[in-house]
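Okay, so here's the structure we're looking at.
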Amino acid sequence: MTNSMKVSIVILAYNEEKYIRKCLESIAKQIEKPDEVIIVDNNCTDNTVEIARQYGARIVKEEKQGMIYARNAGFNNAKFEILGRLDADTVVPENWVAKVKENFQDQSIVALSGPISIGTPISYFASILIFKLLSIFILHNALFGPNIGLRKSAWENIKNDVCLKDKDVHEDVDLAIHVAAQGKIKFDKKLIMKASRFRYKAFFTEYIVRYIKMVFTHRKIIFQIYPD
């Protein structure tokens, strides 16, 4: 029986003409189709928007530059109960929407994430290791930006509280910190997302420094949820 849950896929885009076609082609091949695909045009100057229209994507324009502004615009404009948040360079496995729906049958789950792979076992296991490291100091599961499912109802409860400056936070982990009070964040190792770019090379430099700063500035939120 087909799951009646409806899914909006939100893709953030700033000059992604090199990648966006493969991403949209993979979405079109889903076993269970999403109910809408939103491309957030964050001031693209290339052919990203034209390519997206060829695949029937709905275009949302966000003039404020930055990943967080683009994400928020996509989430706020999405029509349906589950938000799928992807990057433009991802190639979506054909069962991704189906697995997202399967996971959200558990009503206690408000957010969902899974590993990232660039096609090698090393990248898959590296993403799991990084995820576990990110989750340690926030005392609950984090979220990976290119591979997120989120209840729209949970987003509505926190959308005015999330941080807005990309330089101050990692937007995906910040989202996890704010949504944790709403319910369970699940990490599904089988919810794999394929990516075109290797994202981990800066993890132990700038990335981890910003992460530590973010945990410190969010400590009151974290320990209000988990006081023990």
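The values are calculated or read from the model by the stated rules, or taken from the named source; none is laboratory data. What you are looking at is a predicted structure, and each value in this text was computed from that prediction instead of being measured. Cβ sites come from the backbone with ideal geometry, for glycine too, and all protein chains shown count toward neighbours. Accessible surface areas use protein heavy atoms only, side chains included; no ligands, DNA or RNA. Shrake-Rupley method; radii C 1.70, N 1.55, O 1.52, S 1.80 Å.
Surface analysis of the chain yields an accessible area of 49 Å² per residue, using protein heavy atoms and a 1.4 Å probe. Here's the picture: charge each Lys and Arg Cβ at +1 and each Asp and Glu Cβ at -1 in the chain, and of LEU24, ILE208, ASN157 the one pushed furthest to the positive end of that dipole is ILE208. Per-residue ellipticity at 222 nm from helix content only, as computed over the chain with -39500 (n - 2.57) for each DSSP H run of at least four residues, stands at -10500 deg cm²/dmol.
Between PHE137 and ASN76, what is the FRET efficiency for a Förster distance of 30 Å, r being their Cβ-Cβ separation, to the nearest 0.05?
Calculated value: 0.55.
Highest mean first, the peptides 181-188, 60-67, 161-168, 91-98 sorted by other C-beta atoms within 10 Å per residue fall in the order 91-98, 181-188, 60-67, 161-168.
The 3J(HN,Hα) values that the Karplus relation (6.51, -1.76, 1.60; θ = phi - 60°) gives for segment 171-184 are, in residue order, 4, 6, 6, 4, 4, 4, 4, 6, 8, 4, 5, 7, x, 7 Hz. Gly and Pro appear as x. Distance from the alpha carbon centroid of segment 117-194 to that of segment 9-49 works out to 20 angstrom. Taking amide hydrogens as placed 1.01 Å from N in the peptide plane, the amide H of ASN43 sits under 5 Å from those of GLU62, each at least 5 positions away in sequence or on another chain.
Tell me the carbon and sulfur percent of the accessible area for the chain, rounded to whole percent, probe radius 1.4 Å. In the chain, the share of accessible area belonging to carbon and sulfur is 54 percent. Put a plus charge on the Cβ of each Lys and Arg, a minus charge on the Cβ of each Asp and Glu, and nothing anywhere else: the dipole of the chain about its Cα centre is then about 340 debye. Shown in residue order for segment 51-68 are the 3J(HN,Hα) couplings computed by the Karplus curve 6.51 cos²θ - 1.76 cosθ + 1.60 at θ = phi - 60°: 5, 4, 5, 4, 9, x, 6, 8, 9, 10, 8, 10, 7, 6, 6, x, 4, 5 Hz (x for Gly and Pro).
Identify all aspartates and glutamates with a Cα-Cα distance to LYS132 below 16 Å; exclude those on the same chain that are fewer than 8 residues away in sequence. Straight-distance partners of LYS132: ASP172, ASP174, ASP188. The packing ranking of peptides 79-87, 34-42, highest mean first, is 34-42, 79-87, where packing means the average number of other beta carbon atoms within 10 angstrom of each residue. Please say if segment 18-156 is rounded, prolate or oblate, where rounded means a/c under 1.5 for a ≥ b ≥ c the square roots of the C-alpha gyration tensor eigenvalues, and otherwise the choice is prolate for a/b larger than b/c and oblate otherwise? Verdict is rounded for segment 18-156. Taking each of LYS22/LYS101; LYS152/LYS186; LYS101/LYS194; LYS64/LYS184 in turn, the alpha-carbon distance tops 26 angstrom for LYS64/LYS184. Only one residue of PHE144, ALA52, THR120 has its Cα farthest out toward the positive end of the dipole of the chain, where Lys and Arg carry +1 and Asp and Glu -1 on Cβ, and that residue is THR120.
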